[in-house]
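Single-structure report; data block below.
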């Protein structure tokens, strides 16, 4: 039987996009998968359309945005134009469009069975908008969501809070697919002395990663903290490296390849993440790293973010600070004891199957299978 032709479309480096990698690995065995995005092909796909790194997906024309010529702004974007040219002569049964900016392009390609949009965050409030954002960027993103998302056959997003926001604002009903990691056959490591803390992810300046490092130092406890950072803002990584260069407790390290993240951080004790809710998406954050921590059988310490706190409280595998301040996190670290970490690690081990990608990707699989008629 001929396999359905599925295009997985993303304006990201596929090799570093954990959510898209999970899609590729879920669908490559049973579909004729073509991927389109930045970076080289991922093993297992039938074909790959690589976008030129100079085609900047977030670069929309200022003149078009300030005059509210949103349609023109979108179709003049270099990544949109480049991808459209490369994909124009190809035919697909289904397109899985990642994030809001690929959706108009996916619909224009007219797949025979429809488009599924996977929305990685709430697009209109991705940034803590100043007046430029609120006057030009937010209306542009709202126009895309309002105009194109209802045309999709189905949609998903990363958590219930964001799904409800999309429903309230644009009338769609996204399913929820957590950013869960694949199940890992691992056991909790022994608790170390000093206790080893870890954080991994993108080095975005607005995440204020220095808060975690400052809290470790302020705790004045027997702790070490390693950061594995993807240098999306190299100057920020350099600043962090310089700022904490003289502290033996803090290390700023290069990013780990996706397949090495969980085995590597399994050698640590506690995964750490706090993110001040300066915008709606930060308020509702439920990131890959939380589920990586679980698969790595770590204890977890987080700030009081609504969606993350619900997971930690559900599985009893960590602590939630009272606020997002350095002082609150330092207090939690100061109170940390080896027996707490051992108990949390065991709880993450017990939760690993329930919090795995294998259960989460079933929502994608059902949606795509329904469209493809398989």
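The values are calculated or read from the model by the stated rules, or taken from the named source; none is laboratory data. Since the structure is predicted, the reported quantities are computational estimates derived from the model, not experimental observations. Cβ placement follows ideal geometry from the backbone for every residue including glycine, while neighbour counts extend to all protein chains displayed.
Structure notes:
- If you go through region 159-182 and pick out every residue that is out of contact with any helix residue (DSSP H, G or I) (no Cβ under 8 Å at 6 or more places or on another chain) and crowded, with 18+ Cβ neighbours inside 10 Å, you end up with 1.
- Selection of region 42-57 for residues being in contact (Cβ under 8 Å) with a residue 12 or more places away in the chain, at negative phi and in a loop (DSSP other than H, G, I, E, B) yields 42, 45, 46, 51, 52, 53, 54, 55, 56, 57.
- Sole exception among (1) surrounded by 16 or more Cβ atoms within 10 Å (Cβ to Cβ); (2) under 20 Å from the mean Cα position of the chain (by Cα); (3) over 18 Å from residue 329 (Cβ atoms) for residue 148, by number: (2)
- Considering residues of region 59-88 that are touching a residue at least 40 places away in the same chain (Cβ under 8 Å) and within 13 Å of residue 101 (Cβ to Cβ) only, the residue surrounded by the fewest Cβ atoms within 10 Å (Cβ to Cβ): 70
- Qualifying residue in region 29-40 (condition: in contact (Cβ under 8 Å) with a residue 12 or more places away in the chain, under 27 Å from residue 183 (Cα atoms), within 22 Å of the chain's Cα centre (by Cα) and not in a strand (DSSP E or B)): yes
- Output for region 193-238, where each listed residue is part of a loop (DSSP other than H, G, I, E, B) and either closer than 20 Å to residue 288 by Cα or in contact with a helix residue (DSSP H, G or I) (Cβ under 9 Å, 6 or more places away or on another chain) (or both): 193, 203, 204, 208, 209, 220, 221, 231, 232, 233
- Of the helices (runs of 4 or more DSSP H) entirely within region 256-302, those holding at least 2 residues that are modelled with pLDDT under 95 occupy 258-265, 280-283.
- In summary, residue 99 fulfils each of the numbered conditions (1) at positive phi; (2) without any contact (Cβ under 8 Å) to a residue 40 or more places away in the chain with the single exception of condition (2).
- Evaluating residue 368 against the criteria (1) modelled with pLDDT of 95 or more; (2) part of a loop (DSSP other than H, G, I, E, B); (3) more than 29 Å from residue 127 (Cβ to Cβ) leaves one unmet condition, (2).
- Qualifying residue in region 354-364 (condition: surrounded by fewer than 16 Cβ atoms within 10 Å (Cβ to Cβ), in contact (Cβ under 8 Å) with a residue 60 or more places away in the chain, assigned to a helix (DSSP H, G or I) and more than 23 Å from the chain's Cα centre (by Cα)): no
- Test set (1) more than 23 Å from residue 276 (Cβ to Cβ); (2) over 23 Å from the mean Cα position of the chain (by Cα) - residue 335 fails condition number: (1)
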